[in-house]
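One structure below.
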Amino acid sequence: MVNNLARIIATKMVNKKIVENEDKECYIYGLELLISKVIVLSIIFIIAIGIKLIIPSIIFTFFYLLLRQYTGGFHCQTAERCICLSIVIYIIYAFICKCELNNHFIIIFIMSVVSYISILVFSPLADANKEIDDYEKDKYRKIAIILGSIMFVIEILSFILNYHYIFVSIAFSLLADAILLVIAILQRERRSKKKC
């Protein structure tokens, strides 16, 4: 669905001479990413309005997406699966917030520390669907460490200053990124065992 829409738009851009035909595949990929992000953000925004969780949802989504682009980890094979996974991650976060499971601050903090350490140790982790070269790996690692560290400091300060919704939102964005790193590591190990 998303790929087909991106192909239609890219083909129209080629036909109208907006882009060159040899660049069409790059535009299809870029449009697919853009369409997916618009769909995900729209659904999250609608859910956030419906459950009255707008500001925490914006904080969670902002930090999650910001860090995610540099940490790497698991990537879905299709845009539709990526959309579904992103929505599931958000729904789990929203459920935890709405059920007030987020009041267990010590557990959330410990989980956040483990997530932060995982991000420092494993980032960036290229997925089989999204390889990166050594230069990008070094650059992304530095950015992931800086962003992760800034997020962790903001998280601690927000807890100290009693902005618990910021504390929880950042903690769960770190957790979601760390989980996707761990999934990618497990997939790699499984693939390497199959080759042996």
- Sequence-separation-based contact order of the stretch 33-163, relative, with Cα cut under 8 Å and 6+ spacing, percent: 32
- Query: Going down the table (LYS24/LYS193; LYS16/LYS137; LYS137/LYS193), which pairs top 29 Å between alpha carbons?
  - Reply: LYS24/LYS193; LYS16/LYS137
- Message: Compute the distance from the alpha-carbon center of the stretch 124-179 to that of the stretch 1-46, in whole Å.
- Response: 28
- Note on the structure: Taking only Cα atoms of the stretch 28-108, the Rg to Rh ratio with Kirkwood Rh works out at 1.00
- Message: Among ALA176, PHE152, HIS164, whose Cα projects farthest towards the positive end of the dipole of the stretch 141-196, with charges put on the beta-carbon of Lys, Arg (+1) and Asp, Glu (-1)?
- Response: ALA176
- Query: Suppose R0 equals 35 Å; then what is the FRET efficiency for LYS24 and ILE150 from their Cβ-Cβ distance, rounded to the nearest 0.05?
  - Reply: 0.35
- Note on the structure: Per residue, the convex hull enclosing the alpha carbons of the stretch 41-164 has a volume in Å³ of 105
- Item | Label point distance in nm, VAL88-CYS76, each placed 7 Å from Cα along Cα→Cβ | 0.9
- Query: Using modelled backbone amide H atoms (1.01 Å from N, in-plane), which distant-in-sequence or interchain residues come within less than 5 Å of GLY72's amide H?
  - Reply: LEU125
- Task: Run down the lysines and flag those whose C-alpha is under 19 Å from the C-alpha of LYS37, throwing out any fewer than 8 positions away in its chain.
- Result: LYS130
- Query: Among 29-38, 134-143, how do they line up from the highest to the lowest mean number of other beta-carbon atoms within 10 Å?
  - Reply: 29-38, 134-143
- Along the positive direction of the dipole of the stretch 2-81 (beta-carbon charges: Lys, Arg +1; Asp, Glu -1; about the Cα centre), which of GLY50, THR78, ASN21 reaches farthest? GLY50
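No lab work stands behind these numbers, since they all come straight from the coordinates. Since this is a predicted model, take the numbers as computed values, not measurements. With ideal geometry, Cβ positions are generated from the backbone for all residues, glycine too; neighbour counts draw on all protein chains shown.
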